[in-house]
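These notes are about the structure you will find just below.
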Amino acid sequence: MGNRQRPCLLPGKLTTVMNFVNPVNKSICLEQVCESNYQKLLKLIPDLMAFKETAIGLAPHHTTLHLEILERTPYTMTVELSHCFNKNKEEFLAPAVRIRIYLDAQLAEVLSDHARAGVAQVFKDPGLSREIMNYKWRLNYFLQKWLDHCLKKGYLFSSIAEAVA
């Protein structure tokens, strides 16, 4: 294969060709992963824009997914998506991924997760562009794989009020 760069997406396709974890051109691939994550989020949570504060996703014989709307502006949303591994929601939510959704650009970018802080907190020197890109790549690649897993399990979302009733 040599030094040839492999494409991240098939031209004209929404499906990813992500059988590698360390692409050569991370900036292009990161954008494509963020586009893919946006599409997967909307497929997983079709009524995302309708939820006001919280929602839960249920799948038979699987842990509950929790969605919390943290911020909403005309062009963005910030949400946190997490699994609940215990009946007491406050005890253990993981991975607890904080996601900024760019509605106009149709991108979803991970800001942080339960194990990793946001880029600005980790990298004080903006000159560390390679390290910043690698960090963002790992966060967003993880989200892509997790969304794939959730989609395969068939989660259905409803507001917490609807689920309790």
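When the surface is traced with a 1.4 Å probe over the full set of protein chains, residue 157 keeps roughly 30 Å² accessible.
In this structure the amide hydrogen of residue 76, modeled in the peptide plane, comes within under 5 Å of the amide hydrogens of 103, none closer than 5 places in sequence on its chain. Residue separation of residue 72 and residue 31 scaled by 0.36 nm, minus their Cα-Cα distance, works out to 12.6 nm of gained length. Sorting the segments 66-79, 137-150, 37-50 by their mean number of nearby beta carbons within 10 angstrom, highest to lowest, gives 137-150, 37-50, 66-79.
Full extension of the segment from residue 62 to residue 153, taken as 0.36 nm per residue of separation minus the current Cα-Cα distance, would add 32.0 nm.
The values are calculated or read from the model by the stated rules, or taken from the named source; none is laboratory data. The structure presented is a predicted model; accordingly, all values stated were derived computationally and were not measured. As a convention, Cβ positions derive from the backbone with ideal geometry for all residues, glycine included, and neighbour counts pool all protein chains shown. Side chains included, ligands, DNA and RNA excluded: accessible areas come from the protein's heavy atoms. Shrake-Rupley method; radii C 1.70, N 1.55, O 1.52, S 1.80 Å.
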